[in-house]
Protein chains: 2
Amino acid sequence: MERLQPVRRDATVADVAKRAGVSKAQAARALGNYGAVSDDVRERVLAAAQELDYRPNELARTMNTGKSHTLGVVVGDIENPHFGLLMRGISDTAKRAGFDVILVNTGEDVTIERDAVQVLLDKRVDGLIVAPASSLETEHLRRVYESGRPLVLVDRQAQGVPAEVMAVDMTSVAFASTRHLLEQGHTRIAFVSTIDSGEPYRPGIRLHSSQIMERLTGMEQAFGQAGLSLPPDLVRLNAGNADSIRRITRDLLAGSNPATAIVASDGLIALSVVEEIQALDLDIPGEVSILMYDDFPWTRLTTPPLSVIAQPVYDIGAAAAKTVIARISGRVQVPATPAFEATLILRGSIGVPPSALPEAAAS
Amino acid sequence: MERLQPVRRDATVADVAKRAGVSKAQAARALGNYGAVSDDVRERVLAAAQELDYRPNELARTMNTGKSHTLGVVVGDIENPHFGLLMRGISDTAKRAGFDVILVNTGEDVTIERDAVQVLLDKRVDGLIVAPASSLETEHLRRVYESGRPLVLVDRQAQGVPAEVMAVDMTSVAFASTRHLLEQGHTRIAFVSTIDSGEPYRPGIRLHSSQIMERLTGMEQAFGQAGLSLPPDLVRLNAGNADSIRRITRDLLAGSNPATAIVASDGLIALSVVEEIQALDLDIPGEVSILMYDDFPWTRLTTPPLSVIAQPVYDIGAAAAKTVIARISGRVQVPATPAFEATLILRGSIGVPPSALPEAAAS
DNA sequence: GTGAAAGCGCTAACAC
DNA sequence: GTGTTAGCGCTTTCAC
């Protein structure tokens, strides 16, 4: 009951060695080109390998050396072009240095992130780049650090994890953009974010995302500098889905003291906010001003085009990759973490609030 | 010159066994829970594992069993939300079945795709899902098939590769949407695609992307049914970057016999096309009608909202995952490949061409 | 230069 | 139930 050729097993070093008439060790040396090998042997071995269509078993190789020439990347939401671009920055840099990149998506779920990190570690990636779902729940990241495998964080901090963080300083750009809004005459400035806090905003609240914390801090500072304070009722967290965002938008724009400007924490939020504003038949920027985080191509297409806060996402990815690779290579002199700057790009969606217009001022 | 604790080596089965006072084999059985183990032994082993913080070396495990409980995914452009959504469909399904998913991006480059597939194969993924960069250069995919590892294709066919393809039938929706445009009175219908053909379009041309082929076929059929033929001068391939797309758009809209409708092959193209139309100060849909492939949220935000051809991308991903997993599990009865249908979603960007309006007709 | 042999951490066949 | 013993495919001493 035997097959003639069980499944055409892949050729191994031993097979190649036999065919070339040399020892396994010599074949391995020629194949992996290390150690000392005579030209004659090398030639015969490579020829044999060719004929047998030999492909090294990377798993076995990794098991011995501990190196896989692979970077692991963990992100929250690959559907967000933000991460797509980040990924390209990482991939391009990694490829140039001879590293492969594998990605795992977490849906911004810390539990899944924990598993993802473990999976990657189990696959023996040489280094890890993580955009942490939470800046507070970070034991699993601390463990990566303790395992000694290089880890670089992107976008967000992670409390208690002594790893480099490649991220924009959101505080200053939030400050600058809020000041701009204040200068236009806005004081009722709203901020809408999906960030899941479990409770409504109050000054001094602690959030999972260091990015959002920074944005709020920047806003608070700008208000403070103007002798005002950020209206707590206009900061809306937990804006989970399109429906809730639209409801929040309606709410912000209703009543006797509505918001005159809305800052959307990401593209998806801006989308629903603008949709609701259109549904309410309000004018942008005549009646409501809009500012959103991240600069996506489509923001130039809306009427009016959206003002945005752009981040050098590709560069952040590239820098992250460069740094993990430097660490992997054992370089002591790791490239200094660059300071990334976000920039406010003014398009048509920010204007003067109705209350500040001449005719309104007269009343 | 010895360290007291060289690097705190990870605990292995042997360590656990020693600590629990049993043989390696028994420890392994308890840990991997297979074979027969007495309650007493199991308890001691698990306790020892706990104390030593034992984590199985998945690499070693994979080397022995040949299984990694991991799906490999290869896509062309992760920046495109299309693939992001596809990825979610895959991940959700895989996770539910206990599989991890790792992704490699190729930038639509066949050479990189070849490497990516090899990397994944080297990592011994149990199955592969590939959105092939080319439907024509497919030897590497054929090799995957021959290696016996389950392979499922998404979005595009791959010539000579006998693997299931999860994709929408683009021909029929292209036919239907073109007929709709014809019924509105358009005959000068343009089609713009990034697809790299090396040469301009001519009827009967062979392209790398089966999807684009189908779209063109559908358009040709609709024209044929109307007793007309697709104007070859309006089919523009090789629209690589934003600049060239804008140049092409300008070109299509100039002259004495301009296009009255433009079909954009993807979101990025639509973006540049619309930008150029706005720059030319032409009215949509008064002077030019627009239709694009893929339904992204932002298409509802432009003025007017864009008519699109929507695909059930998430479902395609889910189905692909389900099928590879079925194959991996050796199920003979693999779920039948569902027929995915794209749908034409009419919004405001398609209208009657100027030439068909009463006043124009009078002239 | 070259080869024999040990070992990476695990699973699996085979005895008892 | 349990332990012994081979491997998996590769790298890496260590002799010669």
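Values for this structure:
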item	result
Residues in segment A:116-140 that, when all protein chains are in place, have 40 Å² or more less accessible area than the chain alone would give (probe 1.4 Å)	A:119, A:122, A:123, A:124
Spacing of the two label points (7 Å from each Cα toward its C-beta) at residue B:282 and residue B:176, in nm	2.7
Degrees, to the nearest 10: B:110-122 long Cα axis against longest axis of chain B	20
Rough spin-label spacing in nm, given labels placed 7 Å along Cα→Cβ, for residue B:52 and residue B:95	3.3
Label-to-label distance, nm, for residues given as residue B:142 and residue B:111 (7 Å Cα→Cβ offset)	2.2
Cβ-Cβ FRET estimate between residue B:33 and residue A:63, R0 fixed at 22 Å, reported to 0.05	0.40
Number of partner chain Cβ atoms within 10 Å, mean per residue of A:83-92	3
In degrees, nearest ten, helix A:170-184 long axis to first principal axis of chain A (Cα)	20
C-alpha long axis of helix B:39-52 to longest principal axis of chain B, angle in °	70
Volume per residue of the C-alpha convex hull in the protein assembly as shown, rounded to whole Å³	218
In segment A:78-113, the trypsin sites (Lys or Arg not before Pro) that fall in loop regions by DSSP, at most 15 other Cβ within 10 Å	none
Cα gyration tensor shape for segment A:172-302, rounded if a/c is under 1.5, else prolate or oblate	rounded
222 nm mean residue ellipticity, helices alone, for the protein assembly as shown (DSSP H n ≥ 4; -39,500 (n - 2.57); rounded to 500)	-13000 deg cm²/dmol
Using a 7 Å Cα-to-Cβ projection, residue A:63 label spacings across copies, nm, ascending	0.3
Label 7 Å beyond Cα on the Cβ vector: residue B:172 copy-to-copy distances, nm	5.7
Heavy atoms of residue B:308: accessible area, 1.4 Å probe, square angstrom to 10	0
Per residue accessible area in Å² of chain A, where ligands, DNA and RNA are left out and the probe is 1.4 Å	45
Inter-copy label distances at residue B:341 (7 Å, Cα→Cβ; nm, one decimal)	5.5
Accessible area of chain A belonging to carbon and sulfur atoms, whole % at 1.4 Å probe	50
Zone residues, segment B:269-302, relative to residue B:250, backbone N less than 17 Å from point 7 Å out along Cα-to-Cβ	B:272-282
In Å², nearest 10: area of residue B:169 left accessible to a 1.4 Å probe	70
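The values are calculated or read from the model by the stated rules, or taken from the named source; none is laboratory data. Keep in mind it's a predicted model, so treat the numbers as computed, not measured. Neighbour counts run over all protein chains shown; Cβ positions are idealised from the backbone, glycine included. Surface accessibility is based on the protein's heavy atoms, side chains included, excluding ligands, DNA and RNA. Shrake-Rupley method; radii C 1.70, N 1.55, O 1.52, S 1.80 Å.
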